[in-house]
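Comments concern the structure below.
The values are calculated or read from the model by the stated rules, or taken from the named source; none is laboratory data. Just so it is clear, the model here is predicted, and its values are computed rather than measured. A quick note on method: Cβ atoms are made from the backbone with ideal geometry, for glycine too, and the neighbour counts reach across all protein chains shown. SASA here: full protein model, heavy atoms, side chains in, ligands and nucleic acids out. Shrake-Rupley method; radii C 1.70, N 1.55, O 1.52, S 1.80 Å.
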Amino acid sequence: MEKLVCGSCIFGLKAIMGSDEWIPVWISEVIPLTDDISSFRIEPTNGHELMPAKPGQHLLIQARIADQWVQRPYTISSAAGEREYYEITVKREFHGVFSKWLFEEDHDNTFIRITEPEGDYFADLTSHKPIVCLVSGIGVTPALAICRSLIHEEEVQQRLHIDYSASSKEQMVCREELQAAQVW
């Protein structure tokens, strides 16, 4: 089977076959990073346990927006070993229905639904091969997840190089965090 970068259609196919498994969650925290980029922490409801994610995987997130279910895949930006919450880092898109809803709605006690982490395109932290990420703008999210995962898993000794570009320093999300993780 070929590896899929997005794979968000897989869940729809499962639903057609009668096996959709949405996990009820809520947005527990919104962390503004720039004027148009924020991180959203997502925690499970009813004691549901979160499955570990691999750095680079995504969640398919579904919310009720204007009386319709709308869904969108977002890359997980939290560390792979994080079990309390998932974090997604989102850029507000002018025509983006979901991102606009994330930024404009008050999320106190707003319940949404997610899938378990998905996607076959992720970093293998069990390998000793160096990882190189060439990223730009909001495309930094998989590299951020890899960096956070390597820090979280202290026994993993793997080299990571992130080449991060943007139009300005202000658009470089989590730049200070990435620089602080720098080891020569």
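Taking every residue in the stretch 135-150 that is within 12 Å of Ser78 (Cα to Cα) and pairing it with any residue that is assigned to a helix (DSSP H, G or I), at least 6 positions away or on another chain, the pairs with Cβ-Cβ distances below 7 Å are Cys147/Leu178.
The helices (runs of 4 or more DSSP H) found wholly in the stretch 89-184 and carrying at least 1 residues that are within 13 Å of Pro55 (Cβ to Cβ) and open to solvent by 40 Å² or more (accessible area, probe 1.4 Å) occupy 141-152. Entry remark, the stretch 44-58: residues being over 21 Å from Ile151 (Cβ atoms) and within 16 Å of the chain's Cα centre (by Cα) number 1 in total. In the set Ala53, Ala80, Ala66, only one residue is out of contact with any Asp or Glu (no Cβ under 7 Å at 6 or more places or on another chain), surrounded by fewer than 16 Cβ atoms within 10 Å (Cβ to Cβ) and more than 18 Å from Ser38 (Cα to Cα); that residue is Ala66. Within the stretch 75-103, the set of residues being under 20 Å from Glu177 (Cβ atoms) and aromatic (Phe, Trp, Tyr) comprises Tyr85, Tyr86.
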